Each structure stands twice: as C-alpha cells, then as structure tokens.
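*Asks:* Quick one: the structure is below, questions incoming.
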Amino acid sequence: MTDYRIQGETGEWEVVIGLEVHAQVTTNAKLFSGAATAFGSEPNSQVSLVDAAMPGMLPVINGEAVRQAVRTGVALNCEIHKWSRFDRKNYFYADLPQGYQISQFAHPIVGEGEIIVDPVDADPATIGIERIHLEQDAGKSIHDQSPEFSLVDLNRSGVALMEIVSKPDMRSPAEAGAYVRKLRSILRYVGSCDGNMDQGSMRADVNVSVRRPGGELGTRTECKNVNSVRFVEAVIEYEAQRQVEVLEAGGEIKQETRQFDPAQMITRPLRSKEEAHDYRYFPDPDLLPLIFDDAYIEACRATLPELPDTKRTRYVEQLEISPYNAAVLTAEQETAAYFELLLNETALKQRKEARAVGKAAANWVISDLFGALNGLGKSITESPISPSQGAELLALVADGTLSGRLAKDVFAIMLETGDDPAKIVEERGMKQVSDTGAIEAEIAKVLEANADKVAQYRGGKDKLFGFFVGQTMKATKGQANPQVVNELLRKALGG
Amino acid sequence: MSVDADTVRKIAHLARIKLPEERVEPMKSELNNILGWVEQLGEVDTSGVEPTTAVIANSLRWREDEITDGDVQEKVLANAPKPMHGFFAVPKVIE
C-alpha cells in the first residue's frame, strides 16, 4: 500500500479510487449484428438495421465476443459465470437509437478476480476486479461541425465492449496509472482488446473520493471517458485536491458525473446523477440467457499465451535477468516476442544455454536497441535490426571478433544500412585485432615516437599508462583487443 | 405497490412521452390497476421454483464473427428527418 496523502489545512486525507475500464473487444463484427467494427470509416457505413434500431430487428450474439470475454476473465484470475444474462439499460440520447443499451446488470459473464500492479517507485499492490460484463457501445455525436446541429455517426453503435470494473482498491494516482497499464498489457497479451487509447478502444471512468486515512468512505464523483494513463492520473490529482478543498471549507461533495478537460487539466460537472441515472434496467426480452459449460471455459483457457507476470518470473528465475529488466521486457508482448527470438538465436549461435546469454541479450535490447529505437521514433515491431541480426552481433562480441567499442560502431552501421553485422565487419575490416605480433609492432612505434613520456612513466608517472593505451588504439584504428593491448603495454613499459 | 402522480410524471419524462396534465390522474389509476393485478402473482408460493428467465426453454444462438451486414448508409439514413454529409443531423445536444 502506498502512503499517498493530500495535506489539507485540517490534516491528512486519503484518496480512494475505483476504475471502470471500457475495452473494445477485438472482433470483426459487432456484438449483436454482422456490421464491421473497423476504425475511421465513412460515417454510418458500418451500420446494420439492427444497430440503427429499426423496428423488428433482432440481436444475435457474436460468439467471438463471448470467447474473448471469457479468455480475459481467466487471464485476470476471475470467476467465470456459466450462466449470464443481458439487460436493457434505458436512457435517452441522440446517439443511442434503441433508447437503451444492451448490457449485463444483474448477471455479468465474469465475476470477481484480481491483478497485481507495479506502480513506479512504490510497492506492488493487489487490485480487486469486481466484475466484467459485455455491452454495446453507443454511437458518436459531433458537436463542433455545425452551429445548429449535432451530427450523429452510428458506426460505433453496437460494437462489443467489455466493461472491467475494479474494486475501490487504489489509493494513489500512481497505483491507478499502474492498474490501467497492467490491464492494457494483459488485454494485449490475451488479444481481446488492442488497447489503443487514442482511438478510444480503451477508456476509463474514474471514481474518486477522499476520506480521513482509514476512515469512512466519502461521497464519490465519476469522471467519464478518460483516454490516457496520464489523464487518469491527472483526474485523480485534481479531483482529490478539489474535494479536500470543498470539505475543508465546510461543503459537501455531490455525487455527480464530471468531465475532464485535457486543455486545462481540470474536471467540471457534466450532469446530475439523480435523474439521468434512473436506468430502469430489466432483462432484455429479445435475448435468451448466455450459457456455456466448463469444457468451453477450459478451451478458452487453453488458447491463452504466457501472461506478463508468469513470463517475468520465468525471466528472473530461469534466465537470471534482473527483476527491473524482466519487467521492462515483458510489459509489451511485442518486446517479449522480440527478446525471445533474439535469445533463442543467441543461444543457438553461441552453443550455450539460454541462461548463459540471457543477461547479455536483455542488456543489449534495453540499453542499445531501445535507445536507438527511441532516437528513431520507432517501435520494436518496426526495428531496422531483426532479432537474428542482433544475435549475430552478440555472437561476434562473445567470440572476441568485436570489442565492446567496435560492436557499438557496427551497431550504428546496422541501424543505418540494415546490413548483417558479419558483412559489415568483413567489408569494412572492423575485426578486432588480437594478434600479438601486429599489436606489438604498433606498440614499439608508439613508444619510439614518445620516448620522453616513456621516460616519465618509468620515472613513476603511472597515469601516463592511459595515454599509451589511447595511442595504441588510435594506431590500430580502434581494432586492437583492449585486453591484449593492456597486457602487451605493461610488458613493454615494464622492461 | 402503487405510484403517485409525481412518479407518473417522472416516468413519462424518462420515456420522453408527452403527458398532458389532465392525463396524469387517469394514467396513475391505469398504472396502479396493472401493478395491483401483477401483485396478485406474489400470492403464489414459488419457493423451490427456479426463476423464469425466458418463456422458451432454450439458450442463446451464437453468430460467427463475420462481416455480413452494413455498408447500407443510404438505407440507414433513408428515414432520417435531416441527413447531412452521411450523418444524422439532430438538434444541438450540449452537455
């Protein structure tokens, strides 16, 4: 547990946070119709008569949405409900043609579970999941295209969402941010949501209240549709501070829905809860109960990949990679996939156990490759250096062909040209020279040209050793094996 | 259970049904008649009976995750009072 506290005029306050994350389920077609779900199409081009709520149209559930919800539930260590049901959540809005959203209120498909999150600079925390239910997304209203009208696009109407509801277990902006990041990571591993927050495939409703540390829960506010981790954290910081100020001034917190304004980084009231939230839920008479058996759940479980926590533990225990590096490598599935290809190739090329090369491979990915990709503004899937090329470079270092310094030069050329490291070494003659005869000849020349310094060194000016190393490396165009140079220089200067 | 005049007005508003004031009292008694009638069902002893969730003993049919529909923008907008650039134009909704 973190000790995040708001320092008020009257003492300390604790923040209590719960999140409802809406994740768009990765499906080709919508939850109850055969219309497409792709992002960014012509307005109203991906709308069936079911999504437009034409009279007499009946919903038929997309089996893939069910499968992905079950897989997600299993991945989040949740109880799976073999019997669930759809309800109508009634409200009136221009982009909701049915006049209700089909959701799961009383009997969600997935029940309680938990995940472990790792906030920056704080201890890991276990955050409870309350439930996950399937529901339809609404359409989109655009308010700024016409002075008199709002424009409605129903392409999103009916797209399958999972609403993942946490327990009010988070106590700081950092924990909430870590929760969203972890959830996103797991969903992307599972493949049930692409986690694309800027396209709206994942967005969070942020519930915040404050109380005296360990005291009675306060009244909460809910901030809708927050679409980045940074904004989730900003909402909490702002809301907690605002609520403390209201309470300390003798006021009361109203239970209300608020909206985040990213331009000013503040929240403001959206609408009053009492009336708009009278949803009059009832079982949807168009839909029968959703039922499956244990075998179905097991079949879903069998298709799950190794998840980030398991992977991270394996990296630490079996590959002897530091916990920090293991966390970095497993946070995104693409990074882990790249690393594992690199690791396999490296072990194969060097005829070693994966354990013996794990650390070197991890360091190379995290310091060299990530540094370079950051500079190029590219993601790991767009890396100009393939895992196999990376493994080749590591092998050239391991067998002494390249010194650490030469490897950095070869790496820079690889980034630029995309060539294989062996080819670069061959064509540009960048091989490390370990041949003692050749190096001895260069050393003799260096000592001859700097007779005065040799005398000073022998007179006790030890610091000059570095100068001779530098000169020898320069004379060999940086290709001499530094270890061999050191050894031979000591011998030559000692005489 | 019964409803009062205020509840009738509220339900009408939530359903966006315009209910003239002189219709409120008659509507109230109609709704209360229905509620009273349904309440009689509570007299039946249902202990040990599974709750009915659907009147046919069947479960949900699932569809394949295939795109089989959509791409009918004209049909979707055909009944719209005011289509505009492929959108439904509606009276300004300001949150």
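*Asks:* Within the range A:197-221, how many residues are in contact (Cβ under 8 Å) with a residue 24 or more places away in the chain, on the phi < 0 side of the Ramachandran plot and open to solvent by 10 Å² or more (accessible area, probe 1.4 Å)?
*Replies:* First pass over the range A:197-221, keeping only residues in contact (Cβ under 8 Å) with a residue 24 or more places away in the chain: A:197-215, A:217-221.
Next cut, on the phi < 0 side of the Ramachandran plot only: A:197-199, A:201-213, A:215, A:217-221.
Pick out the ones that are also open to solvent by 10 Å² or more (accessible area, probe 1.4 Å) and you get A:197-199, A:203, A:207, A:211-213, A:215, A:217-220.
Residues flagged as in contact (Cβ under 8 Å) with a residue 24 or more places away in the chain, on the phi < 0 side of the Ramachandran plot and open to solvent by 10 Å² or more (accessible area, probe 1.4 Å) within the range A:197-221 amount to 13.
*Asks:* Go over the candidates A:Phe105, A:Phe39 one by one and state the one that is away from every other protein chain (no Cβ under 11 Å), of a type in the set (Phe, Trp, Tyr) and farther than 16 Å from A:Glu135 by Cα.
*Replies:* After ruling out the rest, the residue left standing is A:Phe39.
*Asks:* Output the residues belonging to the range A:292-327 that are open to solvent by less than 40 Å² (accessible area, probe 1.4 Å), in a helix (DSSP H, G or I) and of a type in the set (Val, Ile, Thr).
*Replies:* Passing the criteria: only A:Ile297.
*Asks:* I've got another one for you. Can you tell me which of A:Leu415, A:Leu394, A:Leu373 is assigned by TED's automatic domain parsing to the domain that holds A:Leu329 and free of Cβ contacts under 8 Å to residues at least 40 places away in the same chain?
*Replies:* Going through A:Leu415, A:Leu394, A:Leu373 in turn, the sole match is A:Leu373.
*Asks:* Name the single residue, out of those in the range A:64-85 being crowded, with 21+ Cβ neighbours inside 10 Å and of a type in the set (D, E, K, R), that is modelled with the lowest pLDDT.
*Replies:* Out of the qualifying residues, it is A:Arg85.
*Asks:* Report whether or not A:Val226 is under 27 Å from A:Thr26 (Cβ atoms), open to solvent by less than 30 Å² (accessible area, probe 1.4 Å) and touching a residue at least 12 places away in the same chain (Cβ under 8 Å).
*Replies:* Yes; evaluated as a whole, the condition is true for this residue.
*Asks:* When you go through (1) over 31 Å from the mean Cα position of the chain (by Cα); (2) surrounded by fewer than 23 Cβ atoms within 10 Å (Cβ to Cβ) one by one for A:Val47, which number turns out not to apply?
*Replies:* Going through the list (1) over 31 Å from the mean Cα position of the chain (by Cα); (2) surrounded by fewer than 23 Cβ atoms within 10 Å (Cβ to Cβ), A:Val47 breaks only (2).
*Asks:* Moving on. Mind counting the residues in the range A:129-165 that are open to solvent by 10 Å² or more (accessible area, probe 1.4 Å), within 23 Å of A:Val21 (Cβ to Cβ) and assigned to a strand (DSSP E or B)?
*Replies:* Residues that pass the stated criteria total 8.
*Asks:* Anything in the range A:364-381 that is outside any loop (DSSP other than H, G, I, E, B) and among the small types (Gly, Ala, Ser)? List them, or say none.
*Replies:* Residues satisfying the conditions are A:Ser367, A:Gly371, A:Ala372, A:Gly375.
*Asks:* Any residue that is within 14 Å of another protein chain (Cβ to nearest Cβ), surrounded by 12 or more Cβ atoms within 10 Å (Cβ to Cβ) and touching a Phe, Trp or Tyr at 6+ places or on another chain (Cβ under 9 Å) - is there at least one of those in the range B:2-11?
*Replies:* Checked the range B:2-11: no residue is within 14 Å of another protein chain (Cβ to nearest Cβ), surrounded by 12 or more Cβ atoms within 10 Å (Cβ to Cβ) and touching a Phe, Trp or Tyr at 6+ places or on another chain (Cβ under 9 Å).
*Asks:* To continue, here is another question. Can you tell me which of (1) exposed (fewer than 14 other Cβ atoms within 10 Å of the Cβ); (2) within 11 Å of chain B (Cβ to nearest Cβ) is the one A:Pro289 doesn't meet?
*Replies:* With (1) exposed (fewer than 14 other Cβ atoms within 10 Å of the Cβ); (2) within 11 Å of chain B (Cβ to nearest Cβ) applied to A:Pro289, the lone miss is (1).
*Asks:* I've got another one for you. For the range A:456-487, give me each residue that is assigned to a loop (DSSP other than H, G, I, E, B), closer than 22 Å to A:Gly437 by Cβ and free of Cβ contacts under 8 Å to residues at least 60 places away in the same chain.
*Replies:* Answer for the range A:456-487, where residues must be assigned to a loop (DSSP other than H, G, I, E, B), closer than 22 Å to A:Gly437 by Cβ and free of Cβ contacts under 8 Å to residues at least 60 places away in the same chain: A:Thr476, A:Lys477.
*Asks:* Does A:Phe39 satisfy being surrounded by fewer than 16 Cβ atoms within 10 Å (Cβ to Cβ), touching a residue at least 60 places away in the same chain (Cβ under 8 Å) and within 30 Å of B:Val72 (Cα to Cα)? Quick ask: steps written out before the conclusion?
*Replies:* Working: surrounded by fewer than 16 Cβ atoms within 10 Å (Cβ to Cβ): yes; touching a residue at least 60 places away in the same chain (Cβ under 8 Å): yes; within 30 Å of B:Val72 (Cα to Cα): yes.
Criteria met by A:Phe39.
*Asks:* Just give me the residues in the range A:115-127 being surrounded by 15 or more Cβ atoms within 10 Å (Cβ to Cβ) and in a strand (DSSP E or B), in sequence order.
*Replies:* Within the range A:115-127, A:Ile115, A:Val117, A:Ala125, A:Ile127 meet the criteria.
*Asks:* Filter the range A:19-36 for residues that are open to solvent by less than 10 Å² (accessible area, probe 1.4 Å) and either more than 14 Å from chain B (Cβ to nearest Cβ) or not in a loop (DSSP other than H, G, I, E, B) (or both); which is farthest from A:Leu217 (Cα to Cα)? Spell out the reasoning first.
*Replies:* Applying the first criterion (open to solvent by less than 10 Å² (accessible area, probe 1.4 Å)) to the range A:19-36 yields A:19, A:21, A:23, A:25, A:29-35.
Now restrict to residues that are either more than 14 Å from chain B (Cβ to nearest Cβ) or not in a loop (DSSP other than H, G, I, E, B) (or both): A:19, A:21, A:23, A:29.
Working: A:Leu19: 16, A:Val21: 22, A:Ala23: 28, A:Ala29: 42 Å.
Across the range A:19-36, the extreme among qualifying residues is A:Ala29.
*Asks:* So, one more: Residues of the range B:51-74 being open to solvent by 100 Å² or more (accessible area, probe 1.4 Å), farther than 24 Å from A:Ala106 by Cβ and more than 7 Å from chain A (Cβ to nearest Cβ), which ones?
*Replies:* B:Glu74
*Asks:* Something else: Can you tell me which residues in the range A:230-270 are away from every other protein chain (no Cβ under 14 Å) and not in a helix (DSSP H, G or I)?
*Replies:* If the condition is that a residue be away from every other protein chain (no Cβ under 14 Å) and not in a helix (DSSP H, G or I), then A:Ala249, A:Gly250, A:Gly251, A:Glu252, A:Ile253, A:Lys254, A:Gln255, A:Pro262, A:Ala263, A:Gln264, A:Met265, A:Ile266 are the ones that fit.
*Asks:* Somewhere in the range A:155-165, is a residue touching a residue at least 60 places away in the same chain (Cβ under 8 Å) and farther than 30 Å from A:Asn44 by Cβ?
*Replies:* Looking through the range A:155-165, at least one residue is touching a residue at least 60 places away in the same chain (Cβ under 8 Å) and farther than 30 Å from A:Asn44 by Cβ.
*Asks:* Right, something else. Scanning for something under 30 Å from B:Phe87 (Cβ atoms) and surrounded by fewer than 24 Cβ atoms within 10 Å (Cβ to Cβ), does the range A:174-195 turn up at least one residue?
*Replies:* There is at least one residue in the range A:174-195 that is under 30 Å from B:Phe87 (Cβ atoms) and surrounded by fewer than 24 Cβ atoms within 10 Å (Cβ to Cβ).
*Asks:* Here are some residues: A:Leu151, A:Leu134. Which one is touching a helix residue (DSSP H, G or I) at 6+ places or on another chain (Cβ under 8 Å) and closer than 23 Å to A:Met54 by Cβ?
*Replies:* Of the residues listed, the single one that is touching a helix residue (DSSP H, G or I) at 6+ places or on another chain (Cβ under 8 Å) and closer than 23 Å to A:Met54 by Cβ is A:Leu134.
*Asks:* While we're here: Tell me which of these B:Arg16 doesn't satisfy, since it passes every other one: (1) open to solvent by less than 90 Å² (accessible area, probe 1.4 Å); (2) within 14 Å of another protein chain (Cβ to nearest Cβ); (3) among the basic types (Lys, Arg).
*Replies:* (1)
The values are calculated or read from the model by the stated rules, or taken from the named source; none is laboratory data. Treat the numbers as computed from the prediction; the structure is a model and nothing was measured. Glycine gets a Cβ as well: all are built from the backbone with ideal geometry, and neighbour counts include every protein chain shown. Each accessible area value is taken on the protein alone, full model and side chains, heavy atoms only, with ligands, DNA and RNA left out. Shrake-Rupley method; radii C 1.70, N 1.55, O 1.52, S 1.80 Å.
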